[in-house]
Amino acid sequence: MSRRQVELAANLADVEARIEAACVVAGRERDEITLIAITKTWPAQDVARLIDLGLRHFGESREQEGHAKWADVRDLHPLADQTTWHFVGRIQRNKAARISEWADVIHSVDRSALIAPLSRTHPAVLIQVALDSSLDRGGIEPEQVPVLAEQVLAAGLTLRGVMAVAPLHADPRPGFDLLVRIRDELVRTHPSATWVSAGMSGDLEAAIAAGATHVRLGTSILGSRY
Ligand SMILES: *Cc1c(COP(=O)(O)O)cnc(C)c1O
């Protein structure tokens with residue numbers, strides 16, 4: 001094993017222990033949570049190493065970088081066709097169609113202008129909800145989720161659930177609780193919308209306690225990006 005492989009294995013073991021401990025505290029089963037490794041800024045070789053370590057879900061936040069890495073991984077690893085790619089970043093309208101060429105699940109749909117370009121390839125989508133009043137980190141206001149959900153469905157896309165990023169410098173729990181309530185409401189009219197994508201390296205415990213189904217972990221697995 002290369003040094004990097006050893007490092008990734010150790011980080012992954014630490015993160016697994018955190019997830020399992022959080023599940024115990026929350027009275028949840030480990031298999032209720034999907035771990036998505038956010039590999040932005042890290043090379044395709046790291047994705048290949050993580051595939052060897054058993055991971056199958058990967059996330060990226062920029063179209064060009066993600067697209068290139070996805071293609072490289074297909075050349076690098078024989079199990080690439082068993083991986084699922086998640087797009088978690090802000091979406092520029094003119095990039096939406098290209099994102100849907102490689103991303104299987106798009107977590108960050110937050111306005112109706114994105115729906116038409118995405119619907120050409122029919123990826124699964126999550127609606128990103130803004131948990132604080134500053135919308136600069138992306139997301140739609142909670143009250144506007146039902147209307148956007150109808151538009152997603154009308155375009156023939158599969159609505160898988162909701163996603164959020166915790167507010168900066170604040171206790172993440174109230175926001176994550178709100179996100180889960182929004183999902184609970186949504187799933188009554190959209191039965192496929194069961195996913196709650198919440199929790200990053202710093203707040204995965206709070207997200208699992210609230211009911212997250214998908215955690216998006218970058219630095220805790222791959223190291224600091226800065
Ligand atoms: C970068 C990123 C993550 C991962 O963040 P870490 O703190 O490195 O775990 C998760 N979600 C989104 C939307 C991101 O952009």
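The values are calculated or read from the model by the stated rules, or taken from the named source; none is laboratory data. Everything numeric here is computed off the predicted structure, so don't read it as measured data. Virtual Cβ from ideal backbone geometry, glycine too; neighbours counted across all protein chains shown. With ligands, DNA and RNA removed, areas are computed over all heavy atoms of the protein, side chains included. Shrake-Rupley method; radii C 1.70, N 1.55, O 1.52, S 1.80 Å.
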Quiz item: Among the residues of the stretch 191-200, how many are open to solvent by less than 20 Å² (accessible area, probe 1.4 Å) and among the hydroxyl-bearing types (Ser, Thr, Tyr)?
Solution: 1
Practice problem: Taking the residues in the stretch 127-140 that are modelled with pLDDT under 95 and within 21 Å of the chain's Cα centre (by Cα) as candidates, determine which candidate is nearest to ARG188 (Cα to Cα). | Solution: LEU131
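Quick grid of which residues meet (1) under 15 Å from the mean Cα position of the chain (by Cα); (2) without any contact (Cβ under 8 Å) to a residue 60 or more places away in the chain:
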{"site": "MET1", "(1), (2)": "no, yes"}
{"site": "ILE33", "(1), (2)": "yes, no"}
{"site": "ALA37", "(1), (2)": "yes, no"}
{"site": "GLY59", "(1), (2)": "yes, no"}
{"site": "VAL88", "(1), (2)": "yes, no"}
{"site": "SER108", "(1), (2)": "yes, yes"}
Quiz item: Mind checking which residues of the stretch 90-106 are within 14 Å of the chain's Cα centre (by Cα) and not hydrophobic (A, V, I, L, M, F, W, C)?
Solution: ARG90, ASP104
Quiz item: Restricted to the stretch 110-120, and to residues that are of a type outside the set (Ser, Thr, Tyr) and over 12 Å from LEU157 (Cα atoms), which residue is nearest to the chain's Cα centre (by Cα)?
Solution: ASP110
Quiz prompt | Residues being aliphatic (A, V, I, L, M) and within 21 Å of VAL196 (Cβ to Cβ) - total across the stretch 79-114 | solution = 7
Self-check item: In the stretch 142-159, residue farthest from the ligand (Cβ to nearest atom) [restricted to those that are open to solvent by 60 Å² or more (accessible area, probe 1.4 Å) and not aliphatic (A, V, I, L, M)]
Solution: GLU150
Exercise. For GLY218, indicate whether it is under 30 Å from VAL47 (Cβ atoms) and more than 13 Å from the ligand (Cβ to nearest atom).
Key: no
